[in-house]
1. B:Phe55: within 16 Å of B:Ile104 (Cβ to Cβ), surrounded by fewer than 24 Cβ atoms within 10 Å (Cβ to Cβ) and among the aromatic types (Phe, Trp, Tyr), yes or no?
2. Quick one: in the range B:158-172, of everything that is β-branched (Val, Ile, Thr) and facing another protein chain (nearest Cβ under 8 Å), which residue is surrounded by the fewest Cβ atoms within 10 Å (Cβ to Cβ)?
3. Under 9 Å by Cβ, and 6 or more places apart or on different chains, what pairs join a residue from the range B:222-243 that is within 17 Å of B:Arg12 (Cα to Cα) with one that is polar (S, T, N, Q) and outside any helix (DSSP H, G or I)?
4. So B:Gln217 passes all but one of these: (1) under 23 Å from A:Leu137 (Cα atoms); (2) surrounded by 21 or more Cβ atoms within 10 Å (Cβ to Cβ). Which condition number does it fail?
5. Which of the numbered conditions does B:Leu224 fail, given that it passes all the others? Conditions: (1) closer than 9 Å to B:Ser21 by Cα; (2) buried (at least 22 other Cβ atoms within 10 Å of the Cβ).
6. Based on what the data block shows, is A:Val149 in a loop (DSSP other than H, G, I, E, B) and within 30 Å of A:Lys73 (Cβ to Cβ)?
7. Can you name every residue in the range A:45-76 that is touching a Pro at 6+ places or on another chain (Cβ under 9 Å) and not aliphatic (A, V, I, L, M)?
8. Pick from A:Ile71, A:Ile77, A:Ile51: which is more than 25 Å from A:Ile204 (Cβ to Cβ) and within 11 Å of chain B (Cβ to nearest Cβ)?
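The values are calculated or read from the model by the stated rules, or taken from the named source; none is laboratory data. Note that the structure is predicted; figures quoted are calculated from it, not measured. Here Cβ is always computed from backbone atoms with ideal geometry, including for glycine, and neighbour counts include all displayed protein chains.
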Amino acid sequence: MSKIVELKNVNFSYNDKKVLNNINLTIDDGEFVGLIGPNGSGKSTLVKIMIGDLTPSSGEVLINGINVKDIKKRSIIGYVPQKSYSFNASFPASVKEVVSMGLYGKLGLFKKLSKDDWEIVDNALKIVDMIDYKDRLIGNLSGGQQQRVFIARALVSDPKILFLDEPTTGIDAKSEDTLYKILDTLNKQNKITIIMVTHDVWAISDKVSRIVCMGNGRLYDRCDTLDFSKKELVEIYGYPVKLDMHHHQNENINNRL
Amino acid sequence: MLNIFTYDFMIRAFLAGGFISVIAPLVGSFLVLRRLSQMGDTLSHVALAGVAAGFLIGINPTIGSIIFVILSSFGIERLRKSYFRYSEISIAVVMSAGMAIAVILLSLSSGSPANIMNYLFGSIISINNTDVLLSLILSIAVITVIYIFYKELLYITFDEEAALISGIPVNLVNIIFTMIVAITVAVSMRIVGALLVSALMVIPAAASLKIAKNFRQTIFYAILFSFISVFAGIILSFYLNLSPGGSIVIVSLIIMGLASIKKAGN
C-alpha cells in the first residue's frame, strides 16, 4: 500500500503555546483512521495542518508525496469542518447550491457550472441519501442532515482523502448510525481514505481500521481502545492536571480558613 | 390628470432609478448576508469627508469622495477580518472616523455647506443626462463583475473559511467586491441620494430573505422588489406631490411587510 499522508516531525505553536509536539504519522491509501483525544488536545489543529489550512512551525506534511502547500490539485483533499463552526444556519441557500460549492475551487475562476457538474452534485446527494432534500433550504434541515450535505459538498470534487472534524457532534444516535454507514461505503467501495476526528473513544473502535490517540499535542502510537490502561488514559486525558487543580483549590480554602 | 411621461425629468428619474434599483440590491444582498447591512450608510458618511477634502485641496469633490470611499472600504475589510465574528464593528468604527474627518475638514475649508450638500446628496428628480449615462455605465460594470464572480461570492458569503480551504482566491474576490460596493455607493448617492442607495441595498434583500427558497431566488426577488419600489415610489410621489426618495423607501417597506406576512402564513 502507498502512503497517502505523511507527517514528519511536525511542530505547531499558537501564541507561544505549543499545540503540536513533534508529530510523526503515516497513513496508507485506503485506511479509515479515527483520531481521538479530549477537547483541546490539538486534533483539529492537526487536521488543519494536514489539509494545508495551517502551516507547521517546523516539520513537513506530505500528501501523496507532495508538500501539502505545493499541491496544485487541491480537490484531492476533502474536508468536512466541525458542524456549524463557521456557517450561518439561516443562510438562504438550497442544499443543491451548498453541495455545488464543493466544485467551485476545482472549476476555477470565470467558469460556470455545466449540466455535468449538476449531475455530479445529484450523485453526491444520492450517496449521502439526501437527494430528496436537494431543493430545501440548508437551514431547514436537522443537524445530521446538514452534516450529510457537507459530506456531499466534500465529495463532489472527487477527493482521494476525506477529513472529518467531529462529524457526530450534535446529532442523534440514528443519524450517527447513518453517518457511519455512509463513511463505510465511501471507504470500502469508493476507496476514499478517511481521517475522522472525534473525542468519543468508545463509539468508533469497531468502525475504523485504525485509531490514533492524541493528548497534550502528542500522538500515542499504540492505543487500541481495548488496551487502554488506566495510566495511559490519565496521560491522554490529562486527568492529573485536574487533580492538581483540585488540590490547589483545597489549599486556597485552607489558607483562607 | 397630468401624464407623468410627458416630463423629461421624470423619464430620466425612471431610467437612472431603474438602473440603480437593479444594482443596489444586487450588491446589497451579499452585504446583508455578510452582516454588513450598514455599509451604504457608512460609506455615504465617508463620502462627506471625501467631498470636504476635495474642496480643501482643490480637486473635484466627486473624485475626492470616490477615493475616500474606496480607501475606507478597504479599512472596513481589514477591520472585518480582525473582528471576524463582529463584522458590524468595522462599519461602526469607519462611520465614526468618516464623520470625524469630515467635520474637521469642513471646519478648515471655505466651501459653503449648501454647496457641499449638492455634491453629496442627489435627488432622483434632479437628474441630468450625464447622470443617466453614468448610472447605465455603472450598472453594466457592476452586473458584469457580479456575474463573473457569482459562484466565488456565493461561497465566500456562505462560509469564508471553507471557501479559502477549497482553493478559492478569497482575498482577490473580496478586494474586487469591496471596490464594486465603494463605487456603487459613491456614484449612486450623487445621483439618487444616500438615503435611497442605502435603503435599496438592504430593505429589498431583507424582504427577499423571508420568501426565497435558494440563493438565486434571494437575489432575484431583491432586485424585483427594489425595481417595483422605485417605479411605484416615483409615480406615487408625482401624483401625491411627495418626496420621491421617501416614497420609494416607504413602498419598499410595505413590500417587506407583505413578505413577512406571506412567510408567517406559510
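1. Values: within 16 Å of B:Ile104 (Cβ to Cβ): yes; surrounded by fewer than 24 Cβ atoms within 10 Å (Cβ to Cβ): yes; among the aromatic types (Phe, Trp, Tyr): yes.
Yes, satisfied.
2. This residue is B:Ile165.
3. Between residues of the range B:222-243 that are within 17 Å of B:Arg12 (Cα to Cα) and residues that are polar (S, T, N, Q) and outside any helix (DSSP H, G or I), the close pairs are B:Ser237/B:Ser243; B:Ser243/B:Ser123.
4. (2)
5. (2)
6. no
7. If the condition is that a residue be touching a Pro at 6+ places or on another chain (Cβ under 9 Å) and not aliphatic (A, V, I, L, M), then A:Ser75 is the only one that fits.
8. A:Ile71
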